Amino acid sequence: MITIKQHQIFEAEIVRQCAPTLAGIKIANLFTYTFSCNEECFNAISSVRKILSDKSIYIELLKYNIISHRALLLVTEKTAFRKHYVITKHKIFLENKALSRLLLTKK
């Protein structure tokens, strides 16, 4: 069972690590956090996810070590992240197309 104190510490760490994303300055932040147990990890993330979703902020567990209880978390602003991803994806596609044309054209 996650205590109120553990939950407050986790929330404070999100604010400390992800302030630029929460303020709308950055698109995303990655950070690690060590939980006391597996249950705390999943309960804390679920609880914070509900709070942040109203603000269009999303928290995702990318990797979790069940032995050390260490988690790699991604906090993103949904719409900005999607826009950036789409632009980057298209830019890479176009760059690859341009590179392909450069390599395939005879001089």
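Among the residues of segment 35-51, write down those that are within 10 Å of F10 (Cβ to Cβ) and assigned to a loop (DSSP other than H, G, I, E, B).
Hit for segment 35-51 is F35, nothing else.
Being out of contact with any strand residue (DSSP E or B) (no Cβ under 7 Å at 6 or more places or on another chain), assigned to a helix (DSSP H, G or I) and either within 15 Å of K26 (Cα to Cα) or modelled with pLDDT of 90 or more (or both) is the filter here, so list the residues in segment 52-92 that pass it.
Passing the criteria: T79, A80, R82, K83, H84, Y85.
Criterion first (modelled with pLDDT under 90, within 12 Å of the chain's Cα centre (by Cα) and not in a helix (DSSP H, G or I)) does T32 satisfy it?
Criteria not met by T32.
May I ask you to verify whether I27 is in contact with a helix residue (DSSP H, G or I) (Cβ under 9 Å, 6 or more places away or on another chain) and free of Cβ contacts under 8 Å to residues at least 40 places away in the same chain?
no
For segment 1-23: of the residues being assigned to a helix (DSSP H, G or I) and among the polar types (S, T, N, Q), which is surrounded by the most Cβ atoms within 10 Å (Cβ to Cβ)?
T21
Is it the case, given these coordinates, that N43 is crowded, with 16+ Cβ neighbours inside 10 Å and within 21 Å of I4 (Cα to Cα)?
Yes; evaluated as a whole, the condition is true for this residue.
What number of residues within segment 56-75 satisfy the criterion of being surrounded by 15 or more Cβ atoms within 10 Å (Cβ to Cβ) and of a type in the set (V, I, T)?
Counting residues in segment 56-75 that are surrounded by 15 or more Cβ atoms within 10 Å (Cβ to Cβ) and of a type in the set (V, I, T) gives 3.
The values are calculated or read from the model by the stated rules, or taken from the named source; none is laboratory data. Worth saying up front: this structure is predicted, and the values here are computed from it rather than measured. Positions of Cβ are backbone-derived with ideal geometry, glycine not excepted, and every protein chain shown enters the neighbour counts.
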